[in-house]
Amino acid sequence: MRIPRFIRNVLIGIPIGIAFCDTVGYVAKVEGISMQPALNPDLRYPDYVFLNRWAIRNQDIQRGDIVCITSPKVPDQTLIKRVVGLAGDIVDTRGYKISALQIPEGYCWLEGDHVGHSMDSNIFGPISLGLVTAKATHIVWPPNRHGLTIGDVDNDGDNELVVGTTEGELYIFKGSELWQKITGLGLITSVAIGDIFNYGRNALVVICDIINSQNLEHIDNITEINELSGKMECVHVQRIPTNTKIVLIADVDKDGANEMILGLTDRVVRSYRWSSNADLETGKLIGLNKWECTNQIGTVTLQHTGDGTPTLLVAQPGGTFMRIKCNSADCHSKDTSCEAVDYQTLGISRMRNQNISTEIIGDLEPGTTPFISTLEPKMPNYMPKDKSSKQNFADDSQLGMKTSKSGSLEFKRNYSQPVIRKNSLDMTGEHTRDFTRNQQIVKFYNPADSSSDEVDGNFIGGKVILGEFDEEFNGKFKKKKDTLLPSFKNFSIDDKNKNKSNNNNNDTNNMNQHEKKDKDLNNIVNSENVPKGKPYALATLDGTIMLVQDEVILWAMQVDHQIFALCRLNVTGNNSDEIIACAWDGQTYILDQQRHSVRFQFEEPVRAFCTGNYNVTPGTSSPSLVYNTFNNKIFLYYDVILPSMTISPLNPMKDFESEEMQTLKELLGECSTNEKQQKMQQLTEWLLYGIH
Amino acid sequence: MMSNLIDAHWFPLASQGNIYSMTKLCSPSSSNKLLVASLKRKIYSCEYHQMTEFLRPMVKELLFTYIPSGAEIISIDAYNKSDTGESFVIGITIMKTSTDTIERYLNIYTEGAIDGEGDEGSSIEATAQNCLMVELSYTPYHLYHTVLPQQNFTREVVWLISGSDYKIHMIREDKLSHVYSESSIEKYFPELHDLQAIALWINIYYYDNYKRRVTAVGCECGLVKISVINMMDLQVSQSWLLRYDKPVPSVIIFPHQNFVCKPAFINANTKAEKCIPEDDIPKLNIVISSTSNAVVFENILEHGMKRDVILSGSESSDCVLCCCIADINMDGQNEILLGTYGQEVLIFALTNNAWELTARKLFDAPVHSISYMDITNDGIKELIVLTQQGVHILQVLHMYIFTYI
């Protein structure tokens, strides 16, 4: 009997195909949220993963692998989970009947990244290795998922754009060009730029997840500029928890040194600080604190309270957040447990979806709100004191007095965000800005970076590098070299002692001064009423944006777009930050703190979004919006400057003298407001367009 | 000149408009409005509301009655019947094509004849519900309104529609029956009779206290007809025919200088000045923009069509779609603004007796229409640009106003 060729091919092909799928692997769509954010961060665009069956042919799995199992409860269901523990490990369970157990031979412990939304070993118990059907080795679709940030990675004073992809490629864009591309980093979940080494220069921190390399480990990869090649080079690799979602570099315990804050997908926030050995090249990040949140973490942001104490705000589902206080004094006394976590519901979670994911952004520059004005009158109170206690700073203090407002665009652009925030709160903005003005240099290594220098022990060779700065800043900057000690007077005793041992490194004065001022300020204001903290903003995926100050909602608004990113940017150049909220569909809201809004529709769905001051040409940075689309394109809008958030009519009477007002009044005669407005309109038109 | 303009507002259109789809609603007593029609039936009105510290733009869709589904809006025009109040007449030409027939209408919206009288509550929404339809036997193009001076000095406003039947039609209201109907154009506009071309743009300028007028028509075939008419005997005193090799989408007659009436309340004791000098012949210019470039004819009443100046630079930005005359730098002299398919607005100003391209501004889409009106009601006019995508409202930065003065 002849079988037609086509049918014969099919008949042969089917068994081969089945055999291939059974032994080598196949591609499957990921459903559900249990592995967020590693898989399916946005449910509307499901991920496709390649399930490798070959890799598990001898049940050879490692901790951190993402594997597929046959559900022990519903055998026709396949689950995708991450391996947390292998046979012999003792795991700390969450919600399981035993709080800790040792995994027996032939079993493993699997958990979903999205804690609390996952059917995993915390429900089933240890899972037999026989149920493991495949290992997810590749995300087939979407092709990549990006971490975005803008900052000065190469310490040349200009801000660059850093893009990390899920394929382990790291792109650094400088000006209008791709400056550097680093490959082979694995799935990059987050990138951050900051002075993590606390030596006055920025480094790039890349959180990546090497999913398909041999050792299958999750790596925190810190790269830093190499002086010789001028390009970035990996200087430190360290394993950190596998499920890191967010990284933030900031000084959270007010000790002057930057910490690295990690937000993990299992509700945990951790802080690390760089601890170096004798030379810079060796050292490692030492875990400091661990805080547990009640729910899945949205974003982590730094927020200063009214008295200048830094706190961490951790967004929680349903428009709520946790406030974490980490006081350095406590840290010293009690090594690890210095946490004070408050859960803030903001009292408005009534109609809201309790589980909706939330974004938060802290430390918004308030500009001309009462917050600044309550502080400014106090300046004279403590400035003279400053002056007398340390004459060496006289120059600086006077400079500080001259300028009344902090936070100009010019000085901001040279710093990574967290550093600025801290400094501008301490009103160091005046100092830095004055340097720019006086020396006519826009491009400089921020003197305030020295403020993020050591205080509590993690001192690293800052002297050498800061020496270079001094050469660049001839003149004024050098004068300040020989001061250190007086500024520490107001520090706690142990701080002071510690720094005494370092006092041949004279470069930290800037920060010390600020710290001192800050303390003075605190002393004053604590005796009176506590000043208000900076406002911060929250946004939920269901479209609620709110501005909050000291846990009081200043305003809230509802938009009909799904907000997934919340950033800050000063687009009006008026010292106060605007809130930029971006929705998945590209709708972008620019909101000022008075709730005036400007909308911008980006024409494509957005995968990732960030804002910042980007240098398109060296030396001049401009407010920029960066969109990463699902088509592998990044759009950067620069010079995003609005003259004002609202449109006002011409008010010619604004600058009138009293006699001019009198003349105008006579001219207009007695009339109602409506008539008066009409008459003013006619008069203005005649004056402007008529011929006289 | 363009750098001191800021984007005050922008709103998108659901479907694109054309060069006839923007008009303004001005009234002395209330805020000025802008009407923008889009092809697929949606008509938006835009105005500014004064809040305590700022202006809030209000864009809303106006629901005009008797625009059947599937109809397309071709042109929109409006005027205010009342000198003091707000009594708008809005004309909209629509076309509805079905498989075998094409229906074309002019819908005229006015407020109710009796019940709207002196009623403060009569709003534009109410006007939109009060429709009078005129069926047209031709495809309408430009919808234009003009004053029809009559011997007894009452000024009637009539509609002029250019049609695909190579004619211009006049639609006039029958006062007694309150019905609009076509009447013979020959009697009132002899210069527009027997055009034998599809007029793309009509512009009529009255001067000498309505004793004379200049009529200009630009046609699809490139014909431009300009006539000077003595209103007393309705005789064409002068007439010129020009032929271009491209369609002429815009012809505008404009005075060399703008005259703005001095507000009546100034110098109330002295006799009110005449704001427009009556006796001397005004220097009138005509700008003709064919799709390739734009030409200005200076002082046509004195020199005829002899002193022509080509606006150099107007050919640099694709074809010119629309034209607007505005004193955008507030020097008393008019500037010429050209909107192009190349998404640009070009501004030509008269400097040292020569028209020079002084500024150009890029927009997001081809520019269909430009208007210069005071939408913020503060005495300063705003530049309003209708593009294929939406409407841009550009406001002069206030700090620059003082540099102009």
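The values are calculated or read from the model by the stated rules, or taken from the named source; none is laboratory data. Just so it is clear, the structure is predicted and the values come from calculations on it, not from any experiment. Backbone-built Cβ (ideal geometry, glycine too); neighbour counts: all protein chains shown.
The table for this structure:
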quantity: Within segment A:571-630, considering residues that are closer than 24 Å to A:PRO46 by Cα and among the acidic types (Asp, Glu), the one surrounded by the fewest Cβ atoms within 10 Å (Cβ to Cβ); calculated: A:GLU603
quantity: Residue, farthest from the other protein chains (Cβ to nearest Cβ), within segment A:634-649, restricted to residues that are among the hydroxyl-bearing types (Ser, Thr, Tyr) and within 30 Å of A:ASP158 (Cα to Cα); calculated: A:TYR638
quantity: Answer from B:ASN209, B:ASN203 - the residue that is of a type in the set (S, T, N, Q) and closer than 30 Å to B:ASN18 by Cβ; calculated: B:ASN203
quantity: Selection count where residues are hydroxyl-bearing (Ser, Thr, Tyr) and away from chain A (no Cβ under 14 Å), scope segment B:15-36; calculated: 4
quantity: Any pair with Cβ under 6 angstrom, 6 or more apart, that starts in segment A:115-132 at a residue that is under 16 Å from A:ILE66 (Cα atoms) and assigned by the TED database to the domain that holds A:VAL91 and ends at one that is assigned to a loop (DSSP other than H, G, I, E, B) and at pLDDT 85 or above; calculated: A:PRO126/A:ILE103; A:LEU129/A:GLY106
quantity: A:LEU39 being of a type outside the set (Gly, Ala, Ser), in contact with a Cys (Cβ under 8 Å, 6 or more places away or on another chain) and either over 13 Å from A:LYS135 (Cβ atoms) or not in a helix (DSSP H, G or I) (or both); calculated: no
quantity: Test: residue in segment A:631-647 that is surrounded by fewer than 16 Cβ atoms within 10 Å (Cβ to Cβ), out of contact with any Pro (no Cβ under 8 Å at 6 or more places or on another chain) and assigned to a strand (DSSP E or B); calculated: yes
quantity: Counted residues, segment B:13-58 - those being surrounded by 16 or more Cβ atoms within 10 Å (Cβ to Cβ), within 30 Å of A:ASN651 (Cα to Cα) and touching a residue at least 40 places away in the same chain (Cβ under 8 Å); calculated: 20
quantity: Number of the exception - A:SER229 against (1) at pLDDT below 65; (2) among the hydroxyl-bearing types (Ser, Thr, Tyr); (3) crowded, with 23+ Cβ neighbours inside 10 Å; (4) part of a loop (DSSP other than H, G, I, E, B); calculated: (3)
quantity: Top-ranked residue in segment A:650-692 [being part of a loop (DSSP other than H, G, I, E, B) and out of contact with any helix residue (DSSP H, G or I) (no Cβ under 9 Å at 6 or more places or on another chain); ranked as farthest from the other protein chains (Cβ to nearest Cβ)]; calculated: A:GLU657
quantity: Residue in segment B:383-405 that is away from chain A (no Cβ under 14 Å), part of a strand (DSSP E or B) and in contact with a Cys (Cβ under 6 Å, 6 or more places away or on another chain) present; calculated: no
quantity: Pair list, Cβ < 9 Å and 6+ apart or interchain, from segment B:372-384 residues that are free of Cβ contacts under 8 Å to residues at least 60 places away in the same chain to residues that are hydroxyl-bearing (Ser, Thr, Tyr) and part of a loop (DSSP other than H, G, I, E, B); calculated: B:ASP378/A:SER648
quantity: Residue match in segment A:615-633 (condition: touching a Phe, Trp or Tyr at 6+ places or on another chain (Cβ under 7 Å) and within 9 Å of another protein chain (Cβ to nearest Cβ)); calculated: no
quantity: Residue in segment B:279-338 that is farthest from the other protein chains (Cβ to nearest Cβ), counting only those that are touching a Phe, Trp or Tyr at 6+ places or on another chain (Cβ under 7 Å) and of a type in the set (S, T, N, Q); calculated: B:SER290
quantity: Segment B:37-55, subset in a strand (DSSP E or B) and under 16 Å from A:GLN677 (Cβ atoms), residue farthest from the other protein chains (Cβ to nearest Cβ); calculated: B:GLU47
quantity: Residue that is farthest from the chain's Cα centre (by Cα) [pool: residues in segment A:137-171 that are among the aliphatic types (A, V, I, L, M) and modelled with pLDDT of 80 or more]; calculated: A:LEU170
quantity: Flag for A:GLN593 being within 14 Å of chain B (Cβ to nearest Cβ) and either aromatic (Phe, Trp, Tyr) or not in a strand (DSSP E or B) (or both); calculated: no
quantity: Qualifying positions in segment A:670-690 - more than 55 Å from the chain's Cα centre (by Cα) and exposed (fewer than 12 other Cβ atoms within 10 Å of the Cβ); calculated: A:GLU670
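Rundown of residues vs (1) without any contact (Cβ under 8 Å) to a residue 12 or more places away in the chain; (2) surrounded by 11 or more Cβ atoms within 10 Å (Cβ to Cβ), yes/no style:
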{"position": "A:PRO4", "(1), (2)": "yes, no"}
{"position": "A:ILE14", "(1), (2)": "yes, no"}
{"position": "A:PHE20", "(1), (2)": "yes, yes"}
{"position": "A:VAL27", "(1), (2)": "no, yes"}
{"position": "A:PHE50", "(1), (2)": "no, yes"}
{"position": "A:GLN62", "(1), (2)": "no, yes"}
{"position": "A:CYS68", "(1), (2)": "no, yes"}
{"position": "A:ASP76", "(1), (2)": "yes, no"}
{"position": "A:VAL84", "(1), (2)": "no, yes"}
